[in-house]
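Here the structure comes first, spelled out in structure tokens, and everything after it is commentary.
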Amino acid sequence: MNDERRQSDKKTYKRKIVHDTPKENTPGNCIYAAKCGGCQYQGIPYEKQLKKKQKCVKELLGNTVNVEPILGMKDPFHYRNKVNAAFDRLRNGKIISGVYREGTHEVIDIIECQIEDERADAIIQDIKGLLLSFKIKTYDEDTGYGLLRHVMVRTGHVTGEVMVVLVLASPILPSKNNFVKALRKLHPEISTIVLNVNDRKTSMVLGKRNITLYGKGYIEDVLCGLTFRISPASFYQINSVQTEILYSKAIEFAGLTGKERVIDAYCGIGTIGMAAAKQAKEVIGVELNRDAVRDAITNAKRNQMKHITFYNRDAGEFMEELAGGNEKIDVVFMDPPRSGSTKEFMDSVAALKPKRVVYVSCNPETLARDVKYLGKKGYCVEKCQPVDMFPFTDDVEVAVMLSHKIQRV
Ligand code: SAH
């Protein structure tokens, strides 16, 4: 699921586990579903899942705009390009890896997940075996004893590049060269291996320090025809197929002609802004996460884009400054975290008065709240397109376009 956004703020609307535990792991009927809790819609036919999501968006936004039919996936399985596995060891010595049982820190041993990338799952399974042969202990959260906490695998949908991040409680991995060699022998498709040091008592997966053990320390992927660099900690949409669909819609909504000055707020590694830049005069990206901004700057250079600038700032403060400086902005893209945007940000948008605001959201509840607020400031919703980025979960992504009443023809 969309976990970076998830970690920061919990869902406000009701979650319900709807499935019984099936005996066999058949597509759409996962044996781990009840324990794992990650997929609220396991056991529900895909068409029905889409209907439920459409209904949810309609209930929240349907009174202000005609909601377009949700865009679903042809193949809704194994779409996650990022997989996190927690590791633990049972009393009998067996090493297990998977997700935490909902609401606990008890690891559920998951052999194959129906929404995760299959290459990632295979690598994680083989790491279990390597831990035994290299006598590497899994980390025990209670005692603080042991080494391996998590393994994260990220895959490039188009490039096929694979990054393995070994999250350890200490920077020292015994026999590290042989471990890397053995892992690459089993999985020659791995492009880079990174040791991430997480020596704190925390529920965050990654620590701050990364040591590259093999390869370049990041992967690249192609999205909307552009190449993006993805570091261990940077935000990258986890469903590449649907992200292209979502961004194309968002850019279509922006109605760019090549003359506009555009803001990409909450820009992550700059994906939306860069995809839109081909059709804009200038793009300004703003993002709070320092690593993501660093990647965004590299991405712009990598794609030879000179008319896009990125700022490592709080989006609200940044917009306030722009508004204070009477800057001319034509279009604002905003893609905030689950908690939505802030009054400070939206007041500044209203002061800057762009022709259009394209709001991309992973939480229709906060989207509806913010759209209402922007409505009071003179912005009307004109278009609304739900996209299913997270099949089998109850999450739904929505792109809406708002335009200023006075500026509409
Ligand atoms: N638009 C990007 C990222 C969207 S996720 C994409 O499609 O890939 C939301 C982003 O908002 C995250 O990268 C997060 O770091 C960033 N963010 C959260 N709070 C912020 C704030 N106050 N100011 C700027 N960026 C923020």
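Values in this text are rule-based calculations from the coordinates and carry no lab data. Please read all numbers here as calculations on a predicted model, not as lab measurements. Note that we place each Cβ from the backbone using ideal geometry, even for glycine, and neighbour counts take in every protein chain shown.
Observations, loosely collected:
- Cut-off 13 Å between beta-carbons: net charge of the residues surrounding Asn66, Lys and Arg +1, Asp and Glu -1: 0
- Placing +1 on each Lys and Arg Cβ and -1 on each Asp and Glu Cβ, with no other charges, gives the stretch 153-246 a dipole about its Cα centre of roughly 520 debye.
- Calculated FRET efficiency for the pair Glu365/Asn92, C-beta based, R₀ 41 Å, to 0.05: 0.35
- ³J(HN,Hα), Karplus 6.51/-1.76/1.60, whole Hz, each residue of the stretch 353-367, x for Gly, Pro: 6, x, 4, 9, 10, 10, 9, 9, 9, 9, 9, x, 5, 6, 4
- The antiparallel fraction among DSSP beta bridges confined to the chain stands at about 60%.
- Distance from the stretch 325-343 to the stretch 51-70 (C-alpha centre basis), Å: 23 Å
- Mean separation of Cα pairs under 8 Å and 6 or more residues apart, divided by the residue count, gives the stretch 287-326 a relative contact order of 49 percent.
- Pair-distance distribution P(r) for the stretch 178-248, from all Cα-Cα distances in 5 Å bins starting at 0: 3, 13, 19, 18, 18, 15, 9, 3, 0 percent.
- Each part reduced to its alpha carbon centroid, the stretch 205-254 and the stretch 93-170 end up 21 Å apart.
- Cα pair distances of the chain binned at 20 Å [whole percent]: 26, 55, 18, 0
- Cα pair count fraction exceeding 17 Å, expressed as % - the stretch 67-108: 56 percent
- Net charge of neighbours whose Cβ lies under 12 Å from the Cβ of Lys94, counting Lys and Arg as +1 and Asp and Glu as -1: +1
- Note that the stretch 196-303 shows a convex hull volume over its alpha carbon atoms of 111 Å³ per residue.
- The aspartates and glutamates within cross-link reach of Lys353, meaning a Cα-to-Cα straight distance under 19 Å and a gap of 8 or more places when in the same chain, are Glu260, Asp264, Glu282, Glu317, Glu320, Glu321, Glu327, Asp330, Asp335, Glu344, Asp370, Glu382.
- Long pairs among Lys82/Lys137; Lys281/Lys301; Lys278/Lys306; Lys355/Lys383, criterion Cα-Cα beyond 19 Å: Lys82/Lys137
- Dividing the mean sequence gap of close Cα pairs (under 8 Å, 6+ apart) by how many residues the stretch 370-409 holds gives a relative contact order of 40 percent.
- Anchor Lys48: aspartates and glutamates whose Cα lies under 18 Å away (excluding residues fewer than 8 positions away in-chain): Asp20, Glu59, Glu68, Asp75, Asp388, Asp394, Asp395, Glu397
- Residue among Ala86, Ala368, Ala122 with the largest mean-square fluctuation in a Gaussian network model of the chain, springs linking Cα atoms under 10 Å: Ala122
- Normalised by the number of residues in the chain, the mean separation of alpha-carbon contacts (under 8 Å, six or more apart) gives a relative contact order of 15 percent.
- Of the cross-linked pairs Lys128/Lys185; Lys128/Lys176; Lys328/Lys376, those separated by over 19 Å at the C-alpha level are Lys328/Lys376.
- Taking the Cα centre of the chain as reference, the dipole from Cβ charges on Lys and Arg (+1) and Asp and Glu (-1) amounts to some 240 debye.
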